[in-house]
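Working notes for the structure below.
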Amino acid sequence: MNIPVFTSSLLQVPLIKNSLAPNKKIAVFAANGVNIQHALAAAGNNNTDRYVLVDVNQLEELAPIRYGKKPLDNEALEGVLANLAKET
């Protein structure tokens, strides 16, 4: 079978955008904040005025995912991301 598969969570942004009031912002947490605008555009999200882009690349709790050097502490990562969401 030749069926395309779309797995990026950025594909959900238009749905979220259309589900929220026009004055509401959308926070996008990205492990690579440098490329997030390009990724949003590639997923069809060209107008990024409503987005709050949060680069989480430097979070120590994300290091196991980036470098694979130690076990991932899901609880710690969840806590840091939750706090960032509250601040954003």
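The values are calculated or read from the model by the stated rules, or taken from the named source; none is laboratory data. Treat the numbers as computed from the prediction; the structure is a model and nothing was measured. Note that each Cβ is placed from the backbone with ideal geometry, even for glycine, and that neighbours are counted across all protein chains shown. Ligands, DNA and RNA are excluded from the accessible area calculation, which covers all protein heavy atoms including side chains. Shrake-Rupley method; radii C 1.70, N 1.55, O 1.52, S 1.80 Å.
Remarks
- Odd one out for Asn83, checked against (1) assigned to a helix (DSSP H, G or I); (2) modelled with pLDDT under 90: (2)
- Among the residues of segment 17-31, those that are in a loop (DSSP other than H, G, I, E, B) and either open to solvent by 80 Å² or more (accessible area, probe 1.4 Å) or β-branched (Val, Ile, Thr) (or both) comprise Pro22, Asn23, Lys24, Lys25.
- For Asp73, the requirement of being open to solvent by less than 90 Å² (accessible area, probe 1.4 Å) and at pLDDT below 90 is not met.
- Total residues in segment 40-62, condition aliphatic (A, V, I, L, M) and either touching a His at 6+ places or on another chain (Cβ under 7 Å) or surrounded by fewer than 15 Cβ atoms within 10 Å (Cβ to Cβ) (or both): 3
- Among residues of segment 39-66 that are among the basic types (Lys, Arg), those with a beta-carbon under 7 Å from a residue that is open to solvent by less than 50 Å² (accessible area, probe 1.4 Å) at least six positions away or on a different chain give the pairs Arg50/Ile26.
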